1. Just want the answer: with Cβ charges of +1 for Lys and Arg and -1 for Asp and Glu, which residue in Gly402, Val519, Ile34 is farthest toward the dipole's positive end in the chain?
2. For segment 71-199, what mean projected area does the convex hull of the alpha carbons give, in nm²?
3. With a ≥ b ≥ c the root eigenvalues of the C-alpha gyration tensor of segment 75-138, is it rounded (a/c under 1.5), prolate (a/b larger than b/c) or oblate?
4. According to the square roots a ≥ b ≥ c of the eigenvalues of the Cα gyration tensor, what is the shape class of segment 442-521, taking rounded for a/c under 1.5, prolate for a/b larger than b/c otherwise, and oblate for the remainder?
5. Using only the alpha carbons of segment 139-282, what is the convex hull's orientation-averaged projected area in square nanometres?
6. Using helices alone, what [θ] at 222 nm do you get for the chain, with -39,500 (n - 2.57) per DSSP H run of 4 or more residues, divided over all residues and rounded to the nearest 500?
7. How big is the dipole moment of segment 185-310 about its Cα centre under a simple scheme where the beta carbon of each Lys and Arg is +1, that of each Asp and Glu is -1, and everything else is neutral? Debye, nearest 20, please.
8. Bins of 10 Å, beginning at zero and ending with the bin holding the largest distance: percent of Cα pairs per bin for segment 542-596, please.
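The values are calculated or read from the model by the stated rules, or taken from the named source; none is laboratory data. The model shown is predicted, which means the values in this text are computed figures rather than measured ones. Cβ placement follows ideal geometry from the backbone for every residue including glycine, while neighbour counts extend to all protein chains displayed. Each accessible area value is taken on the protein alone, full model and side chains, heavy atoms only, with ligands, DNA and RNA left out. Shrake-Rupley method; radii C 1.70, N 1.55, O 1.52, S 1.80 Å.
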Amino acid sequence: MLQARFTLRCLPLFLSAGFACAEDVPSFDADPVIVTATRVASPRSSLSSDTTVITAKELQQAGSQSLGQVLSRVPGVEFARTGGLGQPASLYLRGANGNQTLVLLDGQRLAPGADGSSAFDTIPVSLIDRIEIVRGSASGLYGADAVGGVVQIFTKSGKGAPAGSVSVDAGSDRTFGGSANVGGVVGDTRFSVSVDAHNSDGFNLTKPTSMYYEADRDGWQQRSSSASLSHYFGDNVEVGVRGSYVDTKADYDGGAYDQDPLSHRTQSTGAAYANVKVNDWWQSNFLAGIGRDRYVTESSYPSNTATTQQQFQWTNILKSGVGQWLIGAEYLRESLDSTTEYDQTTRYNSSVQAGWQNDFGPHHLQANVRYDDNSQFGGKTTGGVGYAWRFVEGWQLFANAGTSFHVPSFVDLYYPSWPGFAPASNPNLQPEEGKSVDGGVRWQNGVWKMDATAFYNRIENLITLDANYTPQNVNAARIRGLTLNGNGALGAFELGANVTWQDPENEDTDKQLARRAKVYGGATIAQTIGDWRWNANWQAAGKRYDDQANTKPLAGYGKLDLGLDYQIAKQWRAGAQLLNAFDRDYELAEGYNTGGRMWFVNLQYNGA
């Protein structure tokens, strides 16, 4: 009975990857379990998908100050932000646009702003337990917006005996803050509560060359929390609730047009769910959730806009003698409430999907198909297939193909125009549509892991601004590339490196897509000596452009981040980070600063 209860409690993350699996299939050591790649928890080695998992331990060791900084170190990922924390940020997954990557928070879509972008970078790292990244088209699993891939963020949940943790930190620009968490399992109940609060004077976001330049610091403050509670009724049913709240206030620069403006963004999610093991071969999961993103500007041009998403999901995992099946249905209602008058403020999306995966000795096959019925754009069918072959111990070949789409935002479709000016929106826009393929080889020998992945993604009906700044479906994007990635240990040293070569271009103009380099990557080295641990992380990117016409170049750069930790006692740890150690002056967006050399120190207590 104890073993059965343990298995049930791990069921949401450790469902079996395949029903029929030969005993002589070569295995990989330290094999992480991934949920996002197929919506069924599966060992990474059994999948064809190109994935990365960032664990809680890796998040702690990274010492990163923001989620964007964490993700920027992942192979195949580029990150850009117009200044410091709280400012607009974009994630470019395999060269796709920032709004062409789907961001999930505990299985829910992160509610986007009216412009379609998700404010993922404001989620504090202290609330996060794990991150999964899937590169490649995934609309066949998740519907709209998964053109470049999917990033799923899992907040902390209760594990083991109840315990608490506390962290305080300080650093450059008079940055102060702290976080705390308490959670665990009591009988058949699991719970977790996390809070985070930070303030900073910030740095000047803009350079004197910017039309928005103001000679001042742009400070920010943030208050955040997350909580979860679930209970097991016997060995077959788990029912729970969870939610999160992030409140971010940030100054920004408006130049002579708008003196000392302030942005205030609040993001909230809430969900109730039930995981039911109907019998030995049928697992049924239900989720009802709501997400909200409110963005307010206090300035000469005040605004107040909120996007709300209501989501309902029903997912069934069925085991059979010919593989494992996924059958599900979803409903999404998206609404807009704004002081700006839009012609339409509500849309709906209903979908059904099916998936299958199985192992045949050393061979693995996976396939999925999904049909979305959108109240604005009608029906759309997408899908994907994947194949992996572990042809010898430690070696695996893999290949994937899929289709995807991205729906225009409320701003693209309905933003009102000023009298006498060209239209600022276009209600006749159609969804962008993508087709992608990738393939490569993986190798693992003990602690060493390496992989090489070639990828191709063509996106039609690309939405760009014409000469009058009106959005149009006039272009296509073509992104071709190769990513090399490896990590392992050499004696006491932990090593890692990745590099991506890509050609992200507008197929119609042959211009390089904005804010994307043709080569980028990074390298890490770390060493533990007794109670001390140090690490160094180098990141570099080649030349980019800040505009689609390629008239505003952004020079290539390289920067070094350093970290040092000391284990004071079993439950106490102190750390220090020196970011951009050589004080390199570089830009992620034209006319915006990146902070220069910055230092941070922290003290942590972990009762677990």
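1. Working it through, the farthest residue towards the positive pole turns out to be Ile34.
2. 9.5 nm²
3. Since a/c stays below 1.5, the shape of segment 75-138 is classed as rounded.
4. Numbers: a/c = 4.46, a/b = 3.11, b/c = 1.43.
Cα axes put segment 442-521 in the prolate bin.
5. Over every viewing direction, the Cα hull of segment 139-282 projects on average to 13.0 nm².
6. Taken over the chain, the calculation gives -1000 deg cm²/dmol.
7. On the way: 10 positive and 16 negative charges, 78 e Å.
It works out to roughly 380 debye.
8. Final binned percentages: 21, 33, 21, 15, 8, 2.
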